[in-house]
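Student: For reference, the structure I am asking about is given below.
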Amino acid sequence: MKYFPIYLDAKHINAMIIGGGEVAARKIELLLKSTTNISIMSETLNSSVERLVNLHQLNWLKHNYQPGHLSKSNIVIAATDSVEVNSAVATESTQLKLLTNVVDQPKLCTYITPAIIDRSPIIISMSSSGSAPILLRMLREQIEKTLPNGYGKLADFSFKFRDHVKARVKSLRERRTFWERTLRGSIGQAILDGKTTSAEQQLIASLQTQSPPPSGEIVFIHTRDGNPDHLTLNAHREMQFADAVFYDQAVNIDLIEYIRRDASKFPQAIASSILINVQHALDLADQGEKVIYLLSGAVELPENKTLAESAIITKHIYSGN
């Protein structure tokens, strides 16, 4: 990755905007979603910036850029129409090791602002690393169409009951199963429909009902051509809820990006067509874990008596072309 994605805690932001025009206004409006700890350095302000300064009581330094005013900031944005001024701001800011953004001059930036889909507290940010802004806009439009506006309400609801669920549902995997069932089912739909009280009552009732712990299983995913774009929805869902994944060198490593981030990963030195690490997978499944075994192509597994005689649930998914 050319850029390292990161989210900053807004309460620590101290931003300085150099410039008072429309570009500065757009940057200020974005920052105001998180903080009012913003200073503007410009002799004049257009009507948009002036309105934001007055409305949010922002700090206005009533002169054009002068060195020596950046040391108390940790984010600096150069948004003037002067290449020379922007370059001077970038030089001072980077010497002070501050996060620096120079509008339309990526070579002078130490960070760039991603495209953002705001469903607070759910925030989705995307970037093409500056290489394909039109493609990025198309992707953003696709995601926005499929993401309900009320998704933030689901996040707030989950946070409100997180400790209650954790106290009643002990194991991590059981909690994942519980929350998936809750958010995908009638409770989640009630939240999206604005029926919060009904959703809360349903969740409390479900916590009082003892559910059996999820059983361990082994899911063999035959990845065929190995193209991540050809993953079936079924395969993708199984991978997202994996506790552990096994794979050999013949499997396209890009597929591992689709595995749940905190799943245990077990790369295998021996090709699966020769030997399957059955015992380790069975041990994990016996502990209640969902084990994914990625297989290159669509070849049949070598026969294994231990696997055949085990009571652990196994299934095969063929994904790809």
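The values are calculated or read from the model by the stated rules, or taken from the named source; none is laboratory data. Predicted model only: the values in this text are computed from it and were never measured. Note that we place each Cβ from the backbone using ideal geometry, even for glycine, and neighbour counts take in every protein chain shown. Side chains are part of the model used for accessible areas, which takes the heavy atoms of the whole protein and leaves out ligands, DNA and RNA. Shrake-Rupley method; radii C 1.70, N 1.55, O 1.52, S 1.80 Å.
Student: Assuming I204 fulfils every condition listed in (1) more than 25 Å from M1 (Cα to Cα); (2) aliphatic (A, V, I, L, M); (3) open to solvent by less than 60 Å² (accessible area, probe 1.4 Å) apart from one, which condition is it?
Tutor: Unmet condition: (3).
Student: Within region 301-314, is there a residue that is more than 25 Å from L172 (Cα to Cα), within 33 Å of the chain's Cα centre (by Cα), surrounded by fewer than 20 Cβ atoms within 10 Å (Cβ to Cβ) and of a type in the set (G, A, S)?
Tutor: So in region 301-314, the residues more than 25 Å from L172 (Cα to Cα) come out as 301-309.
Pick out the ones that are also within 33 Å of the chain's Cα centre (by Cα) and you get none.
No.
Student: Only one of (1) surrounded by 13 or more Cβ atoms within 10 Å (Cβ to Cβ); (2) modelled with pLDDT under 95; (3) of a type in the set (S, T, Y) is not met by S71, so which one is it?
Tutor: (1)
Student: OK, next. Among the residues in region 117-131, are any on the phi > 0 side of the Ramachandran plot and either assigned to a loop (DSSP other than H, G, I, E, B) or at pLDDT 90 or above (or both)?
Tutor: Step one: of region 117-131, the residues on the phi > 0 side of the Ramachandran plot are 129-130.
If we keep only those that are either assigned to a loop (DSSP other than H, G, I, E, B) or at pLDDT 90 or above (or both) too, we end up with 129-130.
Yes, region 117-131 contains at least one residue that is on the phi > 0 side of the Ramachandran plot and either assigned to a loop (DSSP other than H, G, I, E, B) or at pLDDT 90 or above (or both).
Student: Another question, then. Filter region 22-49 for residues that are out of contact with any helix residue (DSSP H, G or I) (no Cβ under 7 Å at 6 or more places or on another chain) and either closer than 18 Å to L98 by Cβ or in contact (Cβ under 8 Å) with a residue 60 or more places away in the chain (or both); which is surrounded by the fewest Cβ atoms within 10 Å (Cβ to Cβ)?
Tutor: Per the stated criteria, the residue is K33.
Student: Taking region 45-95 only, how many residues are assigned to a loop (DSSP other than H, G, I, E, B), under 31 Å from the mean Cα position of the chain (by Cα) and either of a type in the set (G, A, S) or under 14 Å from G21 (Cα atoms) (or both)?
Tutor: Count: 2.
Student: Would it be correct to say that I6 is closer than 15 Å to N101 by Cβ, of a type in the set (A, V, I, L, M, F, W, C) and open to solvent by 90 Å² or more (accessible area, probe 1.4 Å)?
Tutor: Numbers: closer than 15 Å to N101 by Cβ: yes; of a type in the set (A, V, I, L, M, F, W, C): yes; open to solvent by 90 Å² or more (accessible area, probe 1.4 Å): yes.
Spelling it out, I6 is indeed closer than 15 Å to N101 by Cβ, of a type in the set (A, V, I, L, M, F, W, C) and open to solvent by 90 Å² or more (accessible area, probe 1.4 Å).
Student: Inside region 24-44, can you point out the residues that are within 20 Å of S125 (Cα to Cα), not in a loop (DSSP other than H, G, I, E, B) and not acidic (D, E)? Reasoning before the result, please.
Tutor: Of region 24-44, the ones within 20 Å of S125 (Cα to Cα) are 26-35.
Adding the requirement that they be not in a loop (DSSP other than H, G, I, E, B) leaves 26-31.
Once the filter is applied, which keeps residues that are within 20 Å of S125 (Cα to Cα), not in a loop (DSSP other than H, G, I, E, B) and not acidic (D, E), region 24-44 yields R26, K27, I28, L30, L31.
Student: Just to be sure I understand the filter: pairs with C-beta atoms under 6 Å, separated by 6 or more residues or on different chains, first member in region 240-266 and closer than 22 Å to T177 by Cα and open to solvent by 50 Å² or more (accessible area, probe 1.4 Å), second member assigned to a helix (DSSP H, G or I) and not basic (K, R). Which pairs pass?
Tutor: Between residues of region 240-266 that are closer than 22 Å to T177 by Cα and open to solvent by 50 Å² or more (accessible area, probe 1.4 Å) and residues that are assigned to a helix (DSSP H, G or I) and not basic (K, R), the close pairs are Y258/M239.
Student: How many of the residues making up region 279-289 are open to solvent by 50 Å² or more (accessible area, probe 1.4 Å) and not in a loop (DSSP other than H, G, I, E, B)?
Tutor: So the count comes out to 4.
Okay, residues lined up against (1) at pLDDT 90 or above; (2) under 30 Å from I204 (Cα atoms):
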site: A90; (1), (2): yes, no
site: I112; (1), (2): yes, no
site: I134; (1), (2): yes, no
site: K153; (1), (2): yes, yes
site: D156; (1), (2): yes, yes
site: K160; (1), (2): yes, yes
site: V169; (1), (2): no, yes
site: R175; (1), (2): no, yes
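Student: For region 96-116, which positions are over 20 Å from E22 (Cα atoms) and part of a helix (DSSP H, G or I)?
Tutor: Matches in region 96-116: K107, L108.
Results for (1) over 25 Å from A263 (Cα atoms); (2) of a type in the set (A, V, I, L, M, F, W, C), shown as yes or no for each residue.
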{"site": "M138", "(1), (2)": "yes, yes"}
{"site": "P148", "(1), (2)": "yes, no"}
{"site": "V165", "(1), (2)": "no, yes"}
{"site": "V169", "(1), (2)": "no, yes"}
{"site": "R175", "(1), (2)": "no, no"}
{"site": "S186", "(1), (2)": "yes, no"}
{"site": "D193", "(1), (2)": "yes, no"}
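Student: Further, regarding this structure: Name the residue, out of I221, I292, I191, I276, that is in a helix (DSSP H, G or I), in contact (Cβ under 8 Å) with a residue 24 or more places away in the chain, open to solvent by less than 80 Å² (accessible area, probe 1.4 Å) and of a type outside the set (D, E, K, R).
Tutor: Values: I221 fails: in a helix (DSSP H, G or I); I292 fails: in a helix (DSSP H, G or I); I276 fails: in a helix (DSSP H, G or I).
That would be I191, the only listed residue that is in a helix (DSSP H, G or I), in contact (Cβ under 8 Å) with a residue 24 or more places away in the chain, open to solvent by less than 80 Å² (accessible area, probe 1.4 Å) and of a type outside the set (D, E, K, R).
Student: Of the residues T91, T80, which single one is of a type in the set (V, I, T), farther than 24 Å from A10 by Cα and loosely packed, with under 14 Cβ neighbours inside 10 Å?
Tutor: On the way: T80 fails: loosely packed, with under 14 Cβ neighbours inside 10 Å.
The match here is T91.
Residue-by-condition table, conditions (1) at pLDDT below 90; (2) among the polar types (S, T, N, Q); (3) under 26 Å from S171 (Cα atoms):
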| residue | (1), (2), (3) |
| --- | --- |
| S211 | yes, yes, yes |
| E217 | no, no, yes |
| R224 | no, no, no |
| M239 | no, no, yes |
| F246 | no, no, yes |
| N252 | no, yes, no |
| A269 | no, no, no |
| Q279 | no, yes, yes |
